[in-house]
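Participant: Could you have a look at this structure, given as structure tokens, before my questions?
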Amino acid sequence: MLPTSKDELVYLLGLKDSQSRNELIQKAYQQKVNTLGNTVYLRGLIEFSNICYKDCYYCGIRKSNIKVNRYLMTIDEILNSAKWAFDKGYGSIVLQCGERKDKNFINFIESILNSISIQTSNEFRVTLSCGEQTKETYKRWFDAGAARYLLRIESSNKRIYESLHPQNHSYNNRVACLNFLKEIGYQVGTGIMIGLPNQMLEDLASDIIFFNSIEADMIGMGPYIPHSDTPIFPAEIQIVRNKIELYNLSLKMIALTRITIPKINIAAATAFQALYPFGREQAILSGANVFMPNISEAKYRNNYRLYENKPCVGENTFECFECVENRIKGIGESIAYFENGDSRLFYERVNKSISS
Ligand code: SAH
Ligand code: SF4
């Protein structure tokens, strides 16, 4: 039976005994295998800049953290990383950064997208994760070749959202941006952090309902991991106090999202691995179907710490490549090389609208 009501979601999120939790997780994994097969899509993650003009209270690279060494990878470095992923058969990359809205930045992204489109004859899916922009900017980047955009709502509860951000960061604008992206034709990804201060199970249930109501194609979500150079460290009123509890709750969120929206793409967020060494594999075994190996230049990784204990910062791209292969094989899944891994949900929606 699918959990259709909010009450049911709250009940399942609250399951405490390991047997019922394991049953839920196995059911979600079976749903993934039945709907999408035993394969995992790769997205090479390029964290190309940590320069950010926002000040989110939870994030290690927020503008006010003066301890961070700021960087912007060069166009050549970004293109080399993209080319490497393309040649290896990754099928897709994610370009992620802090938020900037200035003309130079907008042009910079546009020219990277144009170059990647030419280099790969439009055979490569590029996801952007560059924060809130105007509709015009999103459209320019879409026209230059970006097909997907990841913008987490962080929490669909406006009150919680506001408690995590300064007053000039607007929840309504975040939602408006998600709508712009949808209208333009992007595959839209959103997501949340789990275990935020004051976040209740009801809020998490509402988050899953939110993913469904905005017709998200992709989900990126993971545990909230405090960073000591941010204003909400130590998290004062964190409902989930213990690491294991946070980990299990985060896996249940993956499982219930898979069961509720079977054809959606769900990423096994790196933050899972920050809690537990095999956290990302366990996320796949709970229903996620996307893995995002870090392919940023090794020399920059240490400066892109959104949260503490971030894994893979001391490795280079090749080490990550081998490690990812072993991790996926180790759980009996295979990597869908040379496939772009569009969300099934998106694919079917677009084809339905073409044929009707
Ligand atoms: N600047 C862009 C993209 C980079 S931040 C944006 O904000 O959309 C990417 C994601 O990192 C955020 O959406 C947030 O959910 C996550 N993140 C930031 N700080 C975190 C923390 N302390 N723990 C877990 N995830 C965090
Ligand atoms: Fe900047 Fe994104 Fe971090 Fe907010 S979450 S401070 S926008 S990088």
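The values are calculated or read from the model by the stated rules, or taken from the named source; none is laboratory data. Predicted model only: the values in this text are computed from it and were never measured. No Cβ is skipped: glycine too gets one built from the backbone with ideal geometry, and neighbour counts run over all protein chains shown. Protein only, heavy atoms only, side chains kept; ligands, DNA and RNA dropped before computing areas. Shrake-Rupley method; radii C 1.70, N 1.55, O 1.52, S 1.80 Å.
Participant: State which residue is farthest from ligand 2 (Cβ to nearest atom) when the search covers only segment 195-223 and only residues that are charged (D, E, K, R) and farther than 15 Å from THR260 by Cβ.
Facilitator: Kept after step one, since they are charged (D, E, K, R), are these residues of segment 195-223: 202-203, 207, 215, 217.
Those still in the list that are farther than 15 Å from THR260 by Cβ too: 202-203.
On the way: GLU202: 24, ASP203: 19 Å.
Step by step, filter segment 195-223, then rank; the result is GLU202.
Participant: To continue, here is another question. Are there any pairs, at least 6 apart or on different chains, whose C-beta atoms fall under 7 Å, with the first in segment 122-143 and within 16 Å of ligand 2 (Cβ to nearest atom) and the second open to solvent by 70 Å² or more (accessible area, probe 1.4 Å), and if so, which?
Facilitator: GLN133/LYS101
Participant: Next question. For segment 255-295, give me each residue that is at positive phi and within 16 Å of ligand 1 (Cβ to nearest atom). Step through it out loud before you land on a result.
Facilitator: Going through segment 255-295, the residues at positive phi turn out to be 287.
Residues satisfying the conditions do not exist here.
Participant: Any idea which residue in segment 113-150 is farthest from LEU181 (Cα to Cα), counting only those that are buried (at least 17 other Cβ atoms within 10 Å of the Cβ) and aliphatic (A, V, I, L, M)?
Facilitator: ILE116
Participant: Of a type in the set (Gly, Ala, Ser) and either under 18 Å from ALA283 (Cβ atoms) or under 23 Å from the mean Cα position of the chain (by Cα) (or both): which single residue out of SER18, SER5 fits that description?
Facilitator: On the way: SER5 fails: either under 18 Å from ALA283 (Cβ atoms) or under 23 Å from the mean Cα position of the chain (by Cα) (or both).
Selected residue: SER18, the only one of SER18, SER5 that is of a type in the set (Gly, Ala, Ser) and either under 18 Å from ALA283 (Cβ atoms) or under 23 Å from the mean Cα position of the chain (by Cα) (or both).
Participant: Based on what the data block shows, is PRO311 under 17 Å from the mean Cα position of the chain (by Cα), surrounded by fewer than 21 Cβ atoms within 10 Å (Cβ to Cβ) and either at pLDDT 90 or above or away from ligand 2 (no atom under 16 Å from the Cβ) (or both)? Please lay out each step first, then the result.
Facilitator: Details: under 17 Å from the mean Cα position of the chain (by Cα): yes; surrounded by fewer than 21 Cβ atoms within 10 Å (Cβ to Cβ): yes; either at pLDDT 90 or above or away from ligand 2 (no atom under 16 Å from the Cβ) (or both): yes.
Against the criterion (under 17 Å from the mean Cα position of the chain (by Cα), surrounded by fewer than 21 Cβ atoms within 10 Å (Cβ to Cβ) and either at pLDDT 90 or above or away from ligand 2 (no atom under 16 Å from the Cβ) (or both)), PRO311 qualifies.
One line per residue, one yes/no per condition, for (1) under 21 Å from ASN340 (Cβ atoms); (2) β-branched (Val, Ile, Thr); (3) in a strand (DSSP E or B):
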| site | (1), (2), (3) |
| --- | --- |
| ILE109 | yes, yes, no |
| LEU128 | yes, no, yes |
| GLY131 | no, no, no |
| TRP141 | yes, no, no |
| ARG152 | no, no, no |
| ASN172 | no, no, no |
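Participant: Next up: Return the residue satisfying two criteria in turn: it lies in segment 89-104 and is more than 18 Å from LEU181 (Cβ to Cβ), without any contact (Cβ under 8 Å) to a residue 60 or more places away in the chain and not basic (Lys, Arg), and of such residues it is surrounded by the most Cβ atoms within 10 Å (Cβ to Cβ).
Facilitator: GLY98
Participant: Give me a count of the residues in segment 144-170 that are touching a helix residue (DSSP H, G or I) at 6+ places or on another chain (Cβ under 7 Å), within 16 Å of ligand 2 (Cβ to nearest atom), over 14 Å from ASP207 (Cα atoms) and in contact (Cβ under 8 Å) with a residue 40 or more places away in the chain.
Facilitator: Final tally of qualifying residues: 1.
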